[in-house]
Structure formats: C-alpha cells, structure tokens
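Working notes, structure below.
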Amino acid sequence: MCNLYSMTSNPQAIRAIAKVLEDRTGNLQPLPEIYPNTMAPIVRNDENGRELVMARWGMPTPPGYLKGHKVDRGVTNIRNPGSVWWKRWEGVAHRCLVPLTAFSEPERLPDGKSRPVWFARSDGEPLAFFAGIWCRWTSVRKLADGETTDDLFGFLTTDANREVGAIHPKAMPVILTQPDELDVWMNAPVAEALRLQRPLPNGLLVRVEVLRSLE
C-alpha cells in the first residue's frame with residue numbers, strides 16, 4: 001500500500017502534460033514527502049476544462065470501518081472501484097489525475113522495522129500520474145478541527161509489477177505515463193477507463209535511493 005509519495009515537478013509541467021486550463025493552487029511548491037490526510041495537487045474536470053487544485057489525500061472511509069472512531073483519516077488506496085461504496089464516484093466528474101515524481105512502498109527489514117523504498121520512472125522523465133478519484137465530503141478529519149467539508153482524493157491500486165513486487169508483492173498504484181492514458185482516464189466511459197487499472201509494465205520503474213528534485 002502506497003502511503004507516501006513525492007511531487008517535486010514544477011506546475012508548468014503538470015499543466016502542459018495534463019492539459020490544465022485553470023491553475024487554482026496558487027504558488028505550488030515542491031512536495032518531497034506527501035503523507036495521508038495532507039494536501040496535494042490533483043487535476044480534475046471542471047465545466048470549463050481541466051483544473052489544477054489542492055485536495056486532501058484520503059477518500060471517505062466506508063461507515064462500517066468507522067465504528068468506534070471519532071476521526072476519519074481516509075482511504076488512500078482503492079483496489080475495488082466497482083464496489084457499492086466506490087461506484088458512486090466512478091464517473092468523469094469524480095475522476096482525477098494525481099501528479100507524482102516518485103512513490104514509496106515499505107520494505108520490511110530483518111530487525112522487524114521498515115523503511116520506505118522509492119520508485120521513479122526509469123526513462124528519465126520526471127512526471128507521472130496516479131489514476132485517482134475525488135469527492136467533496138463533510139467529516140471529522142482532525143479532532144482539533146471538528147467537522148469540516150473538504151475536497152478529498154485517493155487513487156487506484158492493482159497487482160504489483162516486477163520492480164514493486166520485489167518490495168511489496170501484493171499491490172502497486174495505477175500509474176499513467178502516456179498522454180492518451182490521461183485522456184482515457186479523464187474522459188472515457190467507465191468500462192474503458194477501468195481497463196487502465198493494470199500494473200505498469202516491467203522495466204518502466206527504477207528504485208531510487210535518494211529523492212532528487214525533478215523538474
């Protein structure tokens with residue numbers, strides 16, 4: 001499960017590759033470590049075209065999992081978008097692209113501890129996108145803040161490819177790298193869009209030991 005990623009590319013690159021018409025993020029700074037329940041940029045459909053906005057990472061948790069909890073910290077990774085809970089957000093109005101430059105999976109060490117292992121594109125291109133969904137939801141995300149209404153997002157996962165599977169065999173995020181994939185995810189009917197829920201081909205990711213600032 002990916003619970004940490006990085007977005008250090010510049011907003012101009014995001015706007016150009018994702019065909020963004022309106023940037024509402026303000027002065028977007030590099031985000032070398034993005035954790036669950038924090039703010040990050042997403043690209044979503046608007047009535048006038050695609051817009052780049054900030055949203056909180058973590059979709060609403062299904063109510064059955066919130067019993068006894070005062071706070072909903074959200075669901076970051078979505079494996080079954082066709083389930084009853086997630087299906088309401090399958091249309092193009094709720095799809096989004098989540099820009100990233102690297103993502104991590106936890107590696108279990110012999111002493112029982114874990115450390116993040118980072119992956120980036122192997123072709124030298126810095127920017128990729130998670131296939132995401134978003135919604136506007138009222139809940140208690142932080143106890144100190146009480147009930148708030150937030151734009152929330154998460155992204156799909158799928159089977160792990162060779163590189164990620166060596167560290168985390170069960171799953172990896174759905175990553176889009178080609179312009180036509182971005183358009184399909186943002187515009188296509190559900191059945192066609194969900195065909196993108198597949199592992200990135202072997203060899204297209206490389207393990208990076210040190211995060212680098214990517215333009």
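Coordinate-derived values only; no laboratory data. Model, not experiment: these values are computed from the prediction. Positions of Cβ are backbone-derived with ideal geometry, glycine not excepted, and every protein chain shown enters the neighbour counts.
If I model the range 100-215 as equal point scatterers sitting on the Cα atoms and use the Debye formula, what is log10 I(q)/I(0) at q = 0.15, 0.19, 0.23 Å⁻¹? With no solvent term, the Cα-only Debye profile gives -0.81, -1.07, -1.24. Only alpha carbons enter this Debye calculation for the range 150-196, each as an equal point scatterer, and the log10 of I(q)/I(0) it gives at q = 0.27, 0.33 Å⁻¹ is -0.99, -1.12.
Bridging of Lys170 to aspartates and glutamates at a Cα separation below 13 Å is possible for Glu105, Glu107, Asp159, once same-chain residues fewer than 8 apart are set aside. Once you divide the Cα radius of gyration of the chain by 2.2 N^0.38 Å, the number left is 0.98. Calculated mean residue ellipticity at 222 nm for the chain: -3000 deg cm²/dmol, from DSSP H runs with n ≥ 4 weighted as -39500 (n - 2.57), summed, divided by the residue count and rounded to 500. Across the options Trp57, Pro11, Pro99, the greatest Cα extent toward the positive end of the charge dipole of the range 5-208 (unit charges at beta carbon of Lys, Arg, Asp, Glu) belongs to Trp57. Of the trypsin sites (Lys or Arg not before Pro) found in the range 1-74, those that fall in a DSSP loop while having at most 13 other beta-carbon atoms within 10 Å are Arg24, Lys67, Lys70. For the options Gly74, Gly64, Gly203, a Gaussian network treatment of the chain with springs between C-alpha atoms closer than 10 Å singles out Gly64 as fluctuating the most. Note on Val206 and Thr38: the extension gain reaches 57.9 nm, defined as 0.36 nm multiplied by sequence separation minus the Cα-Cα distance. Placing +1 on each Lys and Arg Cβ and -1 on each Asp and Glu Cβ, with no other charges, gives the chain a dipole about its Cα centre of roughly 680 debye.
Using the Cβ-Cβ distance between Lys19 and Asp123 with R0 set to 22 Å, the FRET efficiency from 1/(1 + (r/R0)^6) comes to roughly 0.60.
Ordering Cys96, Cys2, Cys135 from the fewest to the most neighbouring beta carbons within 10 Å gives Cys135, Cys2, Cys96.
Tell me, in nm to one decimal, what length is gained between Thr138 and Asn10 on full extension, where the rule is 0.36 nm per residue of separation less the Cα-Cα distance?
43.0 nm
Can you give the FRET efficiency for Lys87 and Asp111, using 1/(1 + (r/R0)^6), R0 = 35 Å, r = Cβ-Cβ distance, to the nearest 0.05? The pair Lys87/Asp111 has a calculated efficiency of 0.25. Straight Cα distances below 25 angstrom link Lys142 to the lysines Lys67, Lys70, with same-chain residues fewer than 8 positions distant left out.
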